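Read through the structure below, which is laid out as structure tokens, and then see the notes.
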Amino acid sequence: MGYDVHITRRQNWFDESGPKIDINEWRALVLSDPDMRLDGYASAVVGDGSILRVDSEGLAVWTAYAGTGVGGNMAWFDFRRGNVVVKNPHGAILEKMLQLAQKLDAKVQGDECEVHGAGGSVIG
């Protein structure tokens, strides 16, 4: 399964109401960042050699991530229902999420509603 961390403007990332990040705002931010690329899909080779592909109009990759290409590790940022979601982010990816959140006037919040601050530390 994994653990998702969200860039969100809502009180809690899963709230139905509250301010959302607009898909066009997300696209513009990704396109303005030379270290991000808007792909609209992600693909990976699975155990039997077949290719798994996920399509999402706001799916972007952080191309400057040091793990990119190493064992197929990519830092994917997926736009979902007014939030931007990353699965299992760690230090460097959390830092990139914080940078993007600041530009979006948003926060970085984990699945259990903990809020992340500088260095990925939990601040709330």
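Per-residue Cβ neighbour counts within 10 Å put Met36, Met97, Met74 in the sequence Met74, Met36, Met97, beginning with the fewest.
Restricting to Cα pairs below 8 Å that are 6+ residues apart, what does the relative contact order work out to for the chain? Please round to a whole percent.
Details: 217 pairs, mean separation 37.2, N = 124.
Once divided by the residue count of the chain, the mean separation gives 30 percent.
As an exercise, use a Förster radius of 30 Å and the Cβ-Cβ distance of Gln99 and Ile51 to find the FRET efficiency, rounded to the nearest 0.05. Calculated value: 0.45.
Whole number please: convex hull volume per residue, Cα atoms of the range 4-120, in Å³.
107 Å³
Cβ crowding within 10 Å ranks Glu57, Glu95 as Glu57, Glu95, fewest other Cβ atoms first. Here the spin labels are modelled as points 7 Å beyond Cα on the Cα-Cβ line, and at Tyr41 and Asn73 they lie 2.6 nm apart.
Electrostatic bookkeeping for Gly110 treats Lys and Arg as +1 and Asp and Glu as -1; over the other residues with beta carbon under 14 Å from its beta carbon, the sum is -1. Within straight-line reach of Lys103, meaning a Cα separation under 19 Å, sit the following aspartates and glutamates at least 8 residues removed in sequence or on another chain: Asp22, Glu25, Asp33, Asp35, Asp78, Glu95. Rounded to the nearest 20 debye, the dipole size of the range 16-124 about its Cα centre is 120 debye, using +1 on the Cβ of Lys and Arg and -1 on the Cβ of Asp and Glu. Result for the chain in a Gaussian network model with C-alpha springs under 10 Å: among Val54, Val108, Val86, the largest mean-square fluctuation is at Val54. In sequence order, the range 9-23 has phi-based couplings of 9, 7, 4, 10, 3, 8, 4, 6, 10, x, x, 10, 7, 7, 4 Hz under the Karplus curve 6.51 cos²θ - 1.76 cosθ + 1.60, θ = phi - 60°, and Gly or Pro positions carry x. Modelled label-to-label distance, Asn24 and Asn88, 7 Å Cα→beta-carbon offset: nm? A separation of 3.7 nm, rounded to one decimal place. Max-minus-min Cα coordinates of the range 18-70 on each principal axis give 41, 25, 17 Å, with the largest extent listed first. Note on the chain: with a GNM built from Cα contacts shorter than 10 Å, the maximum mean-square fluctuation among Leu52, Leu104, Leu94 falls on Leu52.
Values in this text are rule-based calculations from the coordinates and carry no lab data. Since we're looking at a predicted model, the values are computed, not measured. As a convention, Cβ positions derive from the backbone with ideal geometry for all residues, glycine included, and neighbour counts pool all protein chains shown.
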